[in-house]
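Visitor: Got a structure for you, written out below as structure tokens; questions coming shortly.
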Amino acid sequence: MDGLMMDFPLTLAHLFERAAAYFPDTELVTRRPDKTIHRSTYREFHARVQRFANALKRLGLRPGERVATLAWNSTRHLEAYFAVPLAGGVLHTLNPRLSPADLTYIMNDADDRILLVDDVLVPAWERFRKDVRPQHVIVWGHGAAAPEGTVDYEALIAPELPVFAIPRLEEGQAAAMCYTSGTTGRPKGVLYSHRALVLHSLASALPDALGLSASDVMMPVVPMFHVNAWGLPYTAVMTGTKQVFPGPHLDPQSLLSLVQEEKVTFTAGVPTIWLGILEALDKAPKAFDTSSLKVMVVGGAAAPQSMIEGFERRHGLHVLHAWGMTEMTPLGTVCRLKPHLQRRPEEERFRIRASQGLPAPLVEVRAVGEDGAAVAWDGKAMGELHVRGPWVARSYFQNPAEADKFTMDGWFRTGDIVTIDAEGYMRITDRSKDLIKSGGEWISSVDLENALMGHPAVKEAAVIGAPHPKWSERPVACVVLREGARATENELREYLEPLFARFWLPEAFVFVEAIPRTAAGKFKKSALREQLKDFRFAGT
């Protein structure tokens, strides 16, 4: 019948060509390791990507082969984001914060053919170099000679033509790859198709999602090795947004100076980054001009409500809560208030904004109880979150042992325990493995942690369940106090009493100097449980 659409595959080639055609003079800014600033444009980016793609073909890259990166956020990393998939390869970002053993396992499991490495991360590569076998190692240098056995990136692409004949790309073929953090076992590979990345970019840019446009200046603080910086570099290329890359400098002063100097309007990062920024602003609220900043996206872990309130009430800065997973490319939900909710009392608005929010367009969610049935949307009933959509993975790379994560009817079982309220707002109460079951009742460690971090003396808090002879498990709060601050166990318990049922209150408080973290900056509760494996409650 008439009216069928033309064959137009959704590939990164369209995003790439669009940026150069319509936004050639828009800037791309990078802070180098020596803290100097490098400036280029989408016009230059367009030519350099094609030079690199030609070089990859000269090196013999074949369709579907993986090209790994061990690098911070920079314009050259962005070039790899496009050159590798446009040449038919698969971009595989590596997290330099992982252990040498994990990096060895991941590179060998992915069978990476080429490695791109920042010169400042060569020492990290040297720690596992002898255990991996890429055929080529290319170094993004800053003036010094490339190490023996490697190739300098600029020397590699210099002789190439700035025009590359992009091959016919199928929208279903893999374009990028990331590995999960491995907190519950070996890291697992997740492949992202061209179609998934294009649709993810389109949905991310919508006003009620992340809302990027050509009028924005976007600074991705979330690393480009952490689920492709949540897809934001792809989205920004599509929308012609100016991008500001902080390089290896993620300290509050370096980030705030970029906000001020580049007039950043949009940024995104994990809670630990923003807690450091908030502390710096509280100490010196007039030291930096942040008036350009419209949105600070927070994800990667649940953000304390006290942090969201602190930015808005004390500094006039808006924090936007979002949630996702490596298996979701990663965007799942965004917490923007519906118009009628914006008229609710301020305290209620903050409470809602601290939830994970509503599913992004094209993402479907359900919460499933222990009986296998969907739980009520009452904001109280807990269930395991299942998700599905066009950018949600349908399997892990070469990992049939984890197939039970994916249901027969197309849902991915996240392992997160959530509630959904009558408006559809989702709130993560815990990971299934971190829920505490005490006397037959569930207790959310995340809710207790976020409440504790609202106490003025508390810098960080993590809550785990410890074995109890009577109640099966009882919550134990591990607390890091702010520098110079003091608080007793009784003071913290009294602070929590008005907020929770009595049986939810931590049975004990342990004051620690630091809380173990994963390579992505999340609390590593498995390490805490190991530290406290011999813990005994008073009187037991």
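Bear in mind that the values in this text are calculations on the coordinates, not laboratory data. Treat the numbers as computed from the prediction; the structure is a model and nothing was measured. All Cβ positions, even for glycine, are placed from backbone atoms using ideal geometry, and neighbour counts span all protein chains on display.
Visitor: Under the rule of at least 5 residues apart or a separate chain, name every residue whose amide H is placed under 5 Å from the amide H of N73.
Guide: Those lying under 5 Å, H to H, from N73 are M224, G247.
Visitor: Here's another thing I want to ask about it. What is the distance in Å between the Cα centres of the range 18-71 and the range 306-364?
Guide: 33
Visitor: When T26, T241, T36 are ordered from fewest to most other Cβ atoms inside 10 Å of their Cβ, what list results?
Guide: Details: T26 21, T241 26, T36 10.
So the residues, fewest neighbours to most, are T36, T26, T241.
Visitor: Quick one: which residues, 5 or more positions from L481 or on another chain, have an amide H under 5 Å from its amide H? H modelled 1.01 Å from N in the peptide plane, none for Pro or chain starts.
Guide: So L481 has HN proximity to K459, V512.
Visitor: Mind ranking 311-324, 74-87 by how tightly packed they are, going by the mean number of other C-beta atoms within 10 angstrom, highest first? Spell out each step's value before the answer.
Guide: Working: 311-324: 18.8, 74-87: 25.0.
Descending mean neighbour count gives 74-87, 311-324.
Visitor: May I pose another question? Whole-Hz ³J(HN,Hα) for each residue in the range 218-229, computed from phi via Karplus 6.51 cos²θ - 1.76 cosθ + 1.60 with θ = phi - 60°, x for glycine and proline: what do you get?
Guide: Values per residue, Gly and Pro as x: 10, 10, x, 7, 4, x, 5, 8, 9, 6, 6, 6 Hz.
Visitor: Do the alpha carbons of any pairs in K35/K286; K286/K433; K130/K522 sit beyond 32 Å of each other, and which pairs? If you can, show how the numbers build up before the last one.
Guide: Numbers: K35/K286 23 Å; K286/K433 43 Å; K130/K522 29 Å.
Pairs exceeding 32 Å: K286/K433.
Visitor: Defining a contact as two alpha carbons under 8 Å apart and six or more residues distant in sequence, what relative contact order in percent does the range 1-133 show?
Guide: Numbers: 160 pairs, mean separation 29.5, N = 133.
For the range 1-133, the relative contact order is 22 percent.
Visitor: For a quick check: with amide H placed at 1.01 Å from N, whose amide H comes under 5 Å from K188's, ignoring anything fewer than 5 positions away on the same chain?
Guide: Under 5 Å from the amide H of K188: T180, G182.
Visitor: Output ³J(HN,Hα) for the range 499-506: one whole-Hz value per residue in order, computed from phi by the Karplus curve 6.51 cos²θ - 1.76 cosθ + 1.60 with θ = phi - 60°, and x for Gly and Pro.
Guide: Listing the rounded values in order: 9, 9, 4, 4, 5, 6, 4, x Hz.
Visitor: If contacts are Cα pairs under 8 angstrom and at least 6 residues apart, what is the relative contact order of the range 434-531 in percent? Kindly include the intermediate steps, with their values, before the conclusion.
Guide: On the way: 159 pairs, mean separation 24.3, N = 98.
Relative CO of the range 434-531 lands at 25 percent.
Visitor: From the square roots a ≥ b ≥ c of the eigenvalues of the alpha-carbon gyration tensor of the chain, which class results: rounded (a/c under 1.5), prolate (a/b over b/c), or oblate? Each step should come with its number before you reach the end.
Guide: Values: a/c = 1.57, a/b = 1.53, b/c = 1.03.
Taking the square roots of the gyration eigenvalues as a ≥ b ≥ c, the chain is prolate.
Visitor: Please give the Cα centre distance for the range 113-182 versus the range 200-254, rounded to the nearest Å.
Guide: 22
Visitor: Remind me, what semi-axes does the range 434-531 give for its equivalent ellipsoid, largest first in whole Å, using sqrt of 5 times each Cα gyration tensor eigenvalue? Provide the component values of the computation, followed by the final result.
Guide: Details: eigenvalues 81, 60, 25 Å².
Square roots of five times the eigenvalues give 20, 17, 11 Å.
Visitor: What's the exposure ranking of Y192, Y105, going from fewest to most Cβ atoms within 10 Å? If you can, show how the numbers build up before the last one.
Guide: Numbers: Y192 26, Y105 19.
In increasing order of surrounding Cβ atoms, one gets Y105, Y192.
Visitor: A further question follows. Report relative contact order for the chain in percent, whole number only (criteria: Cα-Cα under 8 Å, sequence separation at least 6). Before the final figure, lay out the partial values.
Guide: Details: 1101 pairs, mean separation 56.1, N = 540.
The value is 10 percent.
Visitor: Taking the Cα centre of the chain as origin and charging only Cβ (+1 Lys, Arg; -1 Asp, Glu), how large is the dipole, in debye to the nearest 20?
Guide: On the way: 61 positive and 64 negative charges, 65 e Å.
For the chain, the charge dipole is close to 320 debye.
Visitor: Let me ask something else about it. By counting other Cβ atoms within 10 Å of each Cβ, how are I515, I138, I464, I166 ranked from fewest to most? Please report the intermediate quantities before stating the final value.
Guide: Working: I515 19, I138 25, I464 22, I166 16.
The most exposed by this proxy come first: I166, I515, I464, I138.
Visitor: On to the next question. In debye, nearest 20: dipole of the range 225-290 around its Cα centre with unit charges on the Cβ of K, R (+) and D, E (-)? Walk me through the numbers before you get to the answer.
Guide: On the way: 4 positive and 6 negative charges, 27 e Å.
Its charge dipole is roughly 120 debye.
Visitor: Work out from phi, with θ = phi - 60° and the Karplus expression 6.51 cos²θ - 1.76 cosθ + 1.60, the ³J(HN,Hα) of each residue of the range 57-62, listed in order in whole Hz, and give x for Gly and Pro.
Guide: Running phi through 6.51 cos²θ - 1.76 cosθ + 1.60 with θ = phi - 60° gives 5, 5, 6, x, 4, 9 Hz.
Visitor: Would you list which aspartates and glutamates come within 18 Å of K294, measuring only between C-alpha atoms, while excluding same-chain residues fewer than 8 positions from it?
Guide: Partners within reach: D208, D216, E261, E262, E309, E312.
Visitor: Taking 7 Å along the Cα-to-C-beta vector as the label spot, tell me the K294-A373 distance in nanometres, rounded to one decimal.
Guide: 4.6
Visitor: Would you please name the trypsin sites (Lys or Arg not before Pro) within the range 149-207 that are DSSP coil residues with at most 10 other C-beta atoms within 10 Å of their C-beta?
Guide: Numbers: sites: R168, K188, R195; in loops: R168, K188.
Listed in order of number, the matching sites are R168.
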